[in-house]
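Inspection log for the structure reproduced underneath, given as structure tokens.
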Amino acid sequence: MASGRSMSLRDTSELEKMEGTGSWDAIEWTKIEPVSRSVSQLNLEFLLEAEQVIVEEYGVVLVNMDEAGTLIVTNFRLLFLSEGTRNIAALGTIPLATIETFNKIAVKTQSATRQSDKTPSRRLLQVIGKDMRIVVFGFRPRTKQRRAIFDALLRCMKPTRVWDLYAFISGPSRFNNTNPKVRLLDEYFRLLGKDSYSASLSMIESGSFTLSNDLWRISSVNSNYTMCQSYPFALILPKGISDVEVLQASSFRARCRLPVVTWCHPHTGAVLARSSQPLVGLMMNMRSNTDEKLVAALCTKLGGARGARRKLYIADARPRKNALANGAMGGGSESSSNYSQSEVVFFGIDNIHAMRDSFARLREYLDTHGAKSSDGMSSFLRHGGWTWGGGNLSSMSASVSTLGDSGWIIHVQSVLAGSTWIAARVALESASVLVHCSDGWDRTTQLVALSSLLLDPYYRTFRGFQALVEKDWLAFGHPFSDRVGMPSISGSGSIPFELSRQSSTGSFPSSPVRQSSGSSRSQPVSSSHAHTTNNYSPIFLQWVDCVSQLLRMYPFAFEFSSAFLVDFLDCVLSSRFGNFLGNSEKERQQCNVFEACGCLWAYLADLRASEGSSHAHYNLFYDSSKHNEPLLPPAAALAPTLWPQFHLRWACPSEAQSGELEAQCRKMALKYSELQKGQDLAERKAKEITAAMESLSSELQKEKQLSSSALDLAKTAGKESEAIKRAVQSLGCRVQFSRNSDCTVDIESNPLETPQKFVHSSPWKHSDGNVQHDKNDMSVSISITKDDLVANNSIGGVCKTLCPLGTRDGGCRWPEAGCAQLGSQFIGLKANFDAFDRLSFNDGYFQSD
């Protein structure tokens, strides 16, 4: 790192103004005492699985927040615990892989007294993150705290073996990963309209995945990565191009990255294709017949075989002068005269070095003018001013122009404009587009992936977004280890893998501590970069920034929210999972990353599952029916802004809550959901009560019917009783009815004998049809006498003679009565109400008086 540039401090009078205003002098360094207890001996519930404490130092000050606490280095991250709350301070806690660089800084305040040489210098450690934060820690003087933290960071951030990375140490845990090759084939099958097929490992091992439709086929020509080490094992190619021709064409493209299909329109046949630059040379006179044939095959005919051939646009992401400059090294760009029906367009997007410098300037701007800066001061107090930005409108204008000078927003706009142009050509003209830059893995990937996102609504869902990233970024070899600043794997599959790193060259400025030329001085003690500076560039971060801009413009078109993009990007930068390790699919396969490490996608899916649709990752406003067609924003709408949730979350935490409205809507939606659940529960209970009432009503109706039937039976029984009464009275008997419905029959055989009493009660039926005799039932009590009295009983003869139930032959229509029968042991009338009930007397038997 070039110390003069990396420590280029801001205004020379700043530290002079900071005395007594909350900066270095406001911190009573010598009065900070270490806590007596050891953090490592406590139950550290906040540690992740397999996370181990390496070093811990107490009494450290987080200068950004002017707060003391404990600084801990683990094998995964740098942790800062607030002394008062013992909680993790998010600003001071950063994964080791997210650290871009860290520097030792000594700041010594000079005074007019002769004792100035005895004044201890401020021992500072500046940590610069890839996630837009700049953090400064202050250590107690005359201690070895800073050296211990610095050395621990060096050891943990530069492991010599791939197995020492936290992603491998922690293992897959519960976030198991499935083979991404299978998922890539499933996406290929979807693009070719073969959704009925499902990929499997056995299909990959046997090579039976080479399906095709009318225009395109899946080729296994690169199954062993022998043709191109940075391409995936399976490629979509024109059906009319053989594998032999593919091998010949690959030699004409840089790094053998020949033109292949990455997305095809399901109806029109138009495609998005990607490649690297052609090797046409300085004079642009080198040609390849097989390459030209392959590119021409991308232009299928419109409307079938008889239609006209569609147009092909060759989109070169580079500025034209850069493409010409590459010609001197054997590269260059295509000539439209060599490729029929083609037009070459240059997008003018700058290279990775320009993006890296722009990102560093943006980070510097946010740290300088943020509410919480790395020098502990707010922008309200800087320059001694009392208003925003330094006290006057000219300072304010200069600050705003500094944001523009960073160039970041302009670069984002260029990527958005180029992607929209490509999507419009495919959607509106049904044209095919071939996209490339120099190597075809940085700007090419940005444009192709963003164009696909605009064209295909599937990619705007959780599942589709994963498929898009795994296809265009991971499978097609974006060098994540180099660009994100992670260890790159070198070797050919032997164990252990060595991690290669280059020395840093310091080609970009970092945000240092402010310096004064008079009252204090700042000295860089030593520094360390966590990445290969020549190759590091926030290309993927810039693409996610572009996605956030589209999400802002089309809030109803995306299933995921901005919070999901932030968490997703944090996971990528932290290297906690193995999905983004290495520079290619081949390297990840060599390390067996898919089985040895956890899966980022499974982790994010688990987060969403914990709260369901109310989770912050879900976009409350998503409506798939509103934007089920390509998104084609007009040029006037392509006016990107800072991404508040990501860019401002450290320097301006309050202003970063632009998603607060969304959070409030989420709370309202949650409350509405709870009310809806309550309403549904109430409706279910109401239905249950209604059903119960209907059941009771039905039962009541049945009871009414039974009661009516009983009344009818009672009336019939009454009539029958009256008929029996008249019949019995006609026999010379006297019948009396009591209040309880008992019937007493007195029969007088002669005046000297005691009258015989027969008591009859009326029977009642239950609803089940059974007859039960109670005290109100109709029965007849009879007296038992000897047989010799029967013959002398004249009453029996009269009864037999006058009985209307008798037949001419001396029989009885009431066979069970047994009255006045010779040889009977009974005398008088034997009544059996069951027989009465079965007979059902007819009123016609007895005439009324």
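Every number in this text was worked out from the coordinates using simple rules, so none of it is lab data. The shown structure was predicted, so the numbers you read here are calculated from the model rather than taken from an experiment. Cβ atoms come from the backbone with ideal geometry, glycine included; neighbour counts cover every protein chain shown.
Observations, loosely collected:
- Amide H partners (placed H, <5 Å) of I54, local residues excluded: V73, T74, N75
- Loop-located trypsin sites (Lys or Arg not before Pro) in the range 121-181 whose Cβ has at most 15 other Cβ within 10 Å (DSSP): R142, K144, R174
- Applying 0.36 nm per residue to the separation of N289 and S708 and subtracting their alpha-carbon distance, the gain on full extension is 140.6 nm.
- The distance from the alpha carbon centre of the range 185-219 to that of the range 260-326 is 24 Å, rounded to a whole number.
- By the beta-carbon count within 10 Å of each Cβ, the least crowded to most crowded order of S121, S373, fewest first, is S121, S373.
- Within the range 220-317, the trypsin sites (Lys or Arg not before Pro) that combine a DSSP coil assignment with at most 11 other C-beta atoms in a 10 angstrom radius are R306.
- Among the listed pairs K104/K158; K704/K725; K239/K301; K239/K321, those whose Cα-Cα separation exceeds 25 Å are K704/K725; K239/K321.
- Equivalent ellipsoid dimensions for the range 603-695 as semi-axes, Å, which come from the Cα gyration tensor, largest first: 40, 19, 13
- Between the C-alpha center of the range 583-629 and that of the range 154-172 there is a gap of 23 Å.
- Fewest-first ranking of T716, T402, T70, using other Cβ atoms within 10 Å as the exposure measure: T716, T402, T70
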